[in-house]
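See structure below.
Rule-based calculations on the coordinates, nothing more; no lab input. Quick caveat: nothing in here was measured; it's all calculated off a predicted structure. Ideal geometry is used to build each Cβ from the backbone, glycine not excepted, and the neighbour counts take in all protein chains shown.
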Amino acid sequence: MKTKYFHITSPDQEEDIRAAAAILRAGGLAGIPTETVYGLGANGLDGAAVGRIFQAKGRPQDNPLILHIPEAEWLRRYCKNIPPAAWRLAERFWPGPLTMILQRKVNVPNAVTCGLDTVGVRCPDHPVTLAIIRAAGVPVAAPSGNLSGRPSPTCARHMEEDMDGKIDAIVDGGPCGVGVESTIVDLTAPVPRLLRPGGLPLEDLRAVLGEVAVDRAVLSPLDPGEKPRAPGMKYRHYAPRAPVTVVSGEGRRTARYIRRNLGDHTGVICFEEYRDQFPGCQVRSIGSAQDRGEQARRVFDALRSFDGTDVTAIFAQCPGDGGLGLAVANRLKKAAGFQVVELGEGTP
Ligand code: AMP
Ligand code: MG
């Protein structure tokens with residue numbers, strides 16, 4: 001299949017918007033920009049089209065997709081028993097990097113939810129994609145646009161690396177402003193539950209909701225056979241080809257640990273302050289240790305950039321859990337298959 005490329009920088013490019021929307025309406029697949037990561041979109045009411053997303057990505061059949069809508073009002077079309085908390089969150093954080101899990105109506109195809117009686121819904125904060133969804137007139141089902149298991153795409157070039165020739169179109173709408181996927185909160189539980197940390201910090205959710213439980217799968221690997229509430233959390237994810245070891249703790253200490261354990265062909269993901277400390281290595285800075293927004297924007301590109309190099313092992317410095325740090329640390333730890341070295345106080 002020949003993939004058609006669009007470069008759309010503004011929702012005013014009406015002809016291109018209509019053409020991309022027509023591809024989705026006709027059952028095609030399109031890579032679409034969002035503020036979090038690039039998505040692989042299809043008409044969310046067309047089960048056959050949604051099925052092709054799973055094929056193109058090689059995505060496991062039990063990992064449901066998120067429906068993207070252009071405004072909160074559309075929740076009523078696809079969800080039932082919507083709690084007041086959902087409206088409060090939508091008012092405060094949409095469009096934005098927050099996915100809510102709600103009870104679904106029967107018009108949502110099983111292909112989207114993988115047969116669950118709930119559905120994840122989000123309104124993305126990207127003017128081009130909002131215009132495409134509006135023009136298509138249907139919700140767009142979209143997981144991240146990477147091949148299953150690889151780091152998520154944060155620019156059109158990443159989409160092209162994984163999907164060129166496999167899908168109908170890729171819409172280049174510039175690099176993603178957030179860089180990690182949406183925060184997922186389950187509102188069908190008695191207490192709202194964080195299923196995946198993402199572009200909206202947990203602290204912001206708690207400021208609106210009060211108590212929010214954190215699913216175990218966010219912080220630690222699952223026990224063999226354990227079933228996570230977000231099915232996707234059970235898969236190794238975000239991983240470059242070389243194995244990753246996350247080194248967690250104070251920056252100078254983690255830099256020293258990495259330096260002592262360097263071998264030949266080692267890659268290092270580090271904070272900007274430490275980038276000169278790993279001579280002879282392929283080093284990728286993800287921004288200042290203080291700047292978690294920058295770390296979120298750069299983490300997937302850093303992971304991806306080692307593929308096609310001779311790097312055979314990767315060490316990564318890791319932020320703490322506050323703000324966007326929870327999402328960045330989660331992506332690094334999942335890329336590492338939870339292979340984490342914790343350097344607490346008192347370690348040399
Ligand atoms: P992706 O967009 O590739 O990041 O994948 C979507 C994520 O949303 C996966 O981790 C899914 O497991 C999760 N998800 C989607 N729908 C549901 C749902 N109804 N309940 C729980 N998790 C969901
Ligand atoms: Mg994904």
For each of S288, S248, count neighbouring Cβ atoms within 10 Å of the residue's Cβ, then give the residues from fewest to most. S288, S248
When a/c is below 1.5 the answer is rounded, else prolate if a/b is larger than b/c, else oblate, so apply that to segment 253-319 with a ≥ b ≥ c taken from the square roots of the Cα gyration tensor eigenvalues. oblate
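How large is the helix-only mean residue ellipticity at 222 nm for the chain, computed as the sum of -39500 (n - 2.57) over DSSP H runs with n ≥ 4, divided by its residue count, in deg cm²/dmol to the nearest 500?
Working: 12 runs with 105 residues, N = 348.
After summing the helix terms and dividing by the residues of the chain, the value is -8500 deg cm²/dmol.
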Give me, ordered by chain and number, the residues 5 or more places off K4 or on other chains with an amide H under 5 Å from its own placed amide H. A169, I170
Around A207, under 15 Å between beta carbons, what's the net of Lys plus Arg minus Asp minus Glu among the other residues? -1
Loop-located GluC sites (Glu not before Pro) in segment 199-292, at most 12 other Cβ atoms within 10 Å (DSSP): E211, E226
From largest to smallest, what semi-axes in whole angstrom does segment 133-248 give when each is the square root of 5 times an eigenvalue of its alpha carbon gyration tensor? 27, 21, 14
Which percent, to the nearest 5, of DSSP beta bridges fully inside segment 172-318 are antiparallel? 15
Just the number, please: percent antiparallel of the DSSP beta bridges in the chain, rounded to the nearest 5. 35
Hey, in the GNM for the chain with a 10 angstrom Cα cutoff, which one of G173, G120, G249 fluctuates hardest? G249
Cβ-based charge dipole, segment 114-266, positive-most Cα from P243, T118, V208: P243
Neighbour counts of other C-beta atoms within 10 Å: give me I269, I8 arranged from fewest to most. I8, I269
With a sphere of radius 12 Å drawn around the Cβ of V246, what net charge do the other residues whose Cβ falls strictly inside it have (Lys, Arg +1; Asp, Glu -1)? +2
Is the C-alpha gyration tensor of segment 1-145 telling us rounded, prolate or oblate? Criteria: a/c under 1.5 is rounded; beyond that, a/b larger than b/c is prolate, otherwise oblate. oblate
Ranked on Cβ counts within 10 Å of their own Cβ, fewest leading, R331, R256, R157 go R157, R256, R331
